[in-house]
Amino acid sequence: MTRLVPTAVLAVFFTVFAALSASAQSIDETINGIFASSTGWFVSLIFSNFPGTSFPWIVGWLVVAATVFTVYFGVIQFRAFGHAIALVKGDYSDPNDAGEVSHFQALATALSGTVGLGNIAGVAVAIGIGGPGATFWMILAGLLGMASKFTECTLGVKYRNEYANGTVSGGPMYYLTKGFAERGVGGGRFLAIMFSIFCILGALGGGNMFQANQAHAQLTNVFGEYPGWITGVVFAGIVFAVIVGGLKSIARVTEKVVPIMGVIYVGTALIIILMNYDKIGWAFGQIFAGAFTGLGVAGGFVGALIQGFKRAAFSNEAGVGSAAIAHSAVRTKEPITEGFVSLLEPLIDTVVVCTMTALVIIITGQLISDPATGNYLLNEAGTAIKTVGDTSGVALTSAAFSSSIGGFKYILALAVILFAFSTMISWSYYGLKAWTYLFGEGKGQELTFKVIFCLFVIIGAAASLGPVIDFSDAAIFAMAVVNIIGLYVLMPIVKRELNSYWSRLKSGEIKKFT
Amino acid sequence: MSEKFVVGYDGSDVAKRALDFAVSRATAQGGSILIVHVLEWSPYSFLTPEEIEERHARRTEELDRAEKALMAPLKSTIAAAGVPVETQIKYGHVAKTLCDVAKKEGATQMVIGRDGDGGLSSRVFGSVAGSLVQVAPVPCTIVP
């Protein structure tokens, strides 16, 4: 019976949409209008600038935090790098624990949540607005972000809830409450509630609408224009089947295909870069010159920096707190080991995959520059760089790849859809954890959230990119505001764990099993 | 030194034949039996977030079920026949895990069954019996 109710709700929804299909385009416009006007205030708040500058405070907030953690933990991203690899390989895993979630599995699942459209579409947005220089700041933010990820994932495991039936729930909401109580600091519960609210919004925004939106953009790019809500309804139906209907087979197939797509994507990018090997030096020249001069982009080098930092944070989610939810279920006696493993996430996501996308866009000459000055030309509105064929977002990446390898846009369309789908599944889980933290565990509560989640897939596919991307960024960054306050308060606890573990590792008390 | 037989057991008919064979030899030679049940598992497979969350609970259930349904009935019948018997339930790659157990427990012989069903998957990935013939650390008997 409980299964019938959501099916009926969805059936009604489909009927309403089908009945209105005659005025399809106007549905898109209506959804877009309502959406943009109702979220505008939230976006302005999160992206307001430091007084008297054009620098959004939220970008400063993330970068300062990542820098603080990098310094506080003594450049942990490089110190623990080798150990992180050994942990993922399973060198330190007790064979008697076989059958439990391994470090590799936790990392792979967390990665399939973060490697997604941020790496394909998000980077194209950053390069399109901020120029090649944005790549430099993106890589820097990725490297610094490793320290933020380390901090939050260690805390995620340390303060998770373990239930009598053997399942676990973890994430910022738990370390904010339990960790703050342990340190005798007030306000933990309040921050946990704020985080949960933002996490739900982030799940519906960046983890859902942005994905649906860009998947639709890619589909129209391949098959020609058609109304966005159609993609939305189809996607919503599949997501519904998986998260409500419990069709695990679909999720399992995606989980297996996504890493393969990731390898194909990076491999193809490498091939294109090697095909243009004579331009590699030039491309890096553009990246460095653009990083400090802007090469004529809107906002100059600060514009490049903001775009780079924004896209890095959106793509690898370091400091946002989502990874702490994903990593918290690993089976380990030492919470800090999961922190080490999670270090690799921003590295793979941002420093490797995002950089590949950026290099392909730059090297294939998608951005149009003025031969006389070497500066990039802006489009008529002056907001972004003029590109070959006036593309932006995922269409720009697609154009860049297709200019070298003709049919790649079909493979990319498939990759985009799969990445979008796996990211949606991951974020539906993050959102659900926040939802059950607020409203309590239970089938009814879970179902409510899952149905809402599916409805937002349709909205995301129908709305235009601008308002969706603004809202997605704003919601995800709002999570970081709360989460990072928590990380500052709790970082001495991580330091204690780190010192204890590191000394036992050096003394040989923690041994390899292989 | 008395003989110690490691028997790979999954509850199938061939596994039962292999176990019967091992029990008869152990009775004749005054040896002991170590029954090993391996649950196929790779630490490099991909799981969804829900599967990760429930993994520990699932594992506990799986171990519990294997112990109750497979191992406990065997233990009592074989012990009643007067042969010393131990059991182990492990996770991992079947052939590799059987070899690891044999080495660690100082087994002198291994016994496994084969179903003789050379399907496509065993052609591509190899069968447990096929792998053991090549890598077994002690003499290995394959019971048809």
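Here are some residues: B:Leu98, B:Leu74, B:Leu39, B:Leu132. Which one is part of a strand (DSSP E or B) and either within 14 Å of chain A (Cβ to nearest Cβ) or buried (at least 19 other Cβ atoms within 10 Å of the Cβ) (or both)? The conditions single out B:Leu39. If you take the residues of the range B:24-36 that are outside any helix (DSSP H, G or I) and not small (Gly, Ala, Ser), which of them is farthest from the other protein chains (Cβ to nearest Cβ)? This residue is B:Ile33. With respect to A:Phe195, determine if the residue is under 18 Å from the mean Cα position of the chain (by Cα) and surrounded by 15 or more Cβ atoms within 10 Å (Cβ to Cβ). It is true that A:Phe195 is under 18 Å from the mean Cα position of the chain (by Cα) and surrounded by 15 or more Cβ atoms within 10 Å (Cβ to Cβ). Would you say A:Ala203 is within 14 Å of chain B (Cβ to nearest Cβ) and in contact (Cβ under 8 Å) with a residue 12 or more places away in the chain? So A:Ala203 fits the description; yes. Against the numbered list (1) basic (Lys, Arg); (2) touching a residue at least 60 places away in the same chain (Cβ under 8 Å); (3) in contact with an Asp or Glu (Cβ under 9 Å, 6 or more places away or on another chain), A:Lys279 comes up short only at (3).
Can you confirm whether the range A:99-117 contains a residue that is farther than 25 Å from A:Ile264 by Cα, away from chain B (no Cβ under 14 Å), more than 17 Å from the chain's Cα centre (by Cα) and surrounded by fewer than 24 Cβ atoms within 10 Å (Cβ to Cβ)? Looking for residues that are farther than 25 Å from A:Ile264 by Cα, away from chain B (no Cβ under 14 Å), more than 17 Å from the chain's Cα centre (by Cα) and surrounded by fewer than 24 Cβ atoms within 10 Å (Cβ to Cβ), one finds none in the range A:99-117, hence no.
The lone criterion from (1) in contact with a helix residue (DSSP H, G or I) (Cβ under 6 Å, 6 or more places away or on another chain); (2) within 24 Å of A:Leu140 (Cβ to Cβ); (3) at pLDDT 80 or above; (4) surrounded by fewer than 19 Cβ atoms within 10 Å (Cβ to Cβ) left unmet by A:Ser322 is number (4).
In the range A:70-98, the qualifying residues are those that are more than 16 Å from A:Glu345 (Cβ to Cβ) and polar (S, T, N, Q), and the one that is farthest from the other protein chains (Cβ to nearest Cβ) is A:Asn96. Scanning the range A:379-416 for residues that are surrounded by 14 or more Cβ atoms within 10 Å (Cβ to Cβ) and over 26 Å from the mean Cα position of the chain (by Cα) turns up A:Asn379, A:Lys386, A:Val388, A:Ser403, A:Ser404, A:Ile405.
The residues on offer are A:Thr254, A:Thr293, A:Thr268, and the sole one that is surrounded by fewer than 19 Cβ atoms within 10 Å (Cβ to Cβ), over 30 Å from A:Leu498 (Cα atoms) and of a type in the set (S, T, N, Q) is A:Thr293. If you scan the range B:42-71, which residues turn out to be part of a helix (DSSP H, G or I) and surrounded by fewer than 16 Cβ atoms within 10 Å (Cβ to Cβ)? Within the range B:42-71, B:Ala57, B:Arg58, B:Thr60, B:Glu61, B:Glu62, B:Asp64, B:Arg65, B:Glu67, B:Lys68, B:Ala69 meet the criteria. For A:Val157, the test of being surrounded by fewer than 24 Cβ atoms within 10 Å (Cβ to Cβ) and either over 22 Å from B:Ile52 (Cβ atoms) or aliphatic (A, V, I, L, M) (or both) is failed. Candidates B:Ala66, B:Ala72, B:Ala80: the one that is touching a Leu at 6+ places or on another chain (Cβ under 8 Å) and not charged (D, E, K, R) is B:Ala66. Selection of first residues in the range A:78-91 that are at positive phi and of second residues that are modelled with pLDDT under 90, restricted to Cβ pairs under 7 Å at least 6 apart or on distinct chains, gives the following pairs, ordered by first then second residue: A:Gly90/A:Ser102; A:Gly90/A:Phe104; A:Gly90/B:Pro43. Of the candidates A:Thr364, A:Thr337, the single residue that is within 24 Å of A:Leu396 (Cα to Cα) and among the β-branched types (Val, Ile, Thr) is A:Thr364. Consider the range A:218-246 and keep the residues that are in a helix (DSSP H, G or I) and more than 25 Å from A:Tyr430 (Cα to Cα). The one that is nearest to the chain's Cα centre (by Cα) is A:Gln218. Restricting A:Ala420, A:Ala434 to those that are in contact with a helix residue (DSSP H, G or I) (Cβ under 7 Å, 6 or more places away or on another chain), in a helix (DSSP H, G or I), away from chain B (no Cβ under 14 Å) and within 23 Å of A:Phe210 (Cβ to Cβ) reduces the list to A:Ala420. Please go through the range A:130-173 and give me each residue that is within 14 Å of chain B (Cβ to nearest Cβ), more than 15 Å from A:Ala480 (Cα to Cα) and not polar (S, T, N, Q), ordered by number. The answer is A:Val157, A:Arg160, A:Glu162, A:Tyr163, A:Ala164, A:Gly166, A:Val168, A:Gly170.
The values are calculated or read from the model by the stated rules, or taken from the named source; none is laboratory data. Since the structure is predicted, the reported quantities are computational estimates derived from the model, not experimental observations. All Cβ positions, glycine included, derive from the backbone under ideal geometry; neighbour counts span all protein chains shown.
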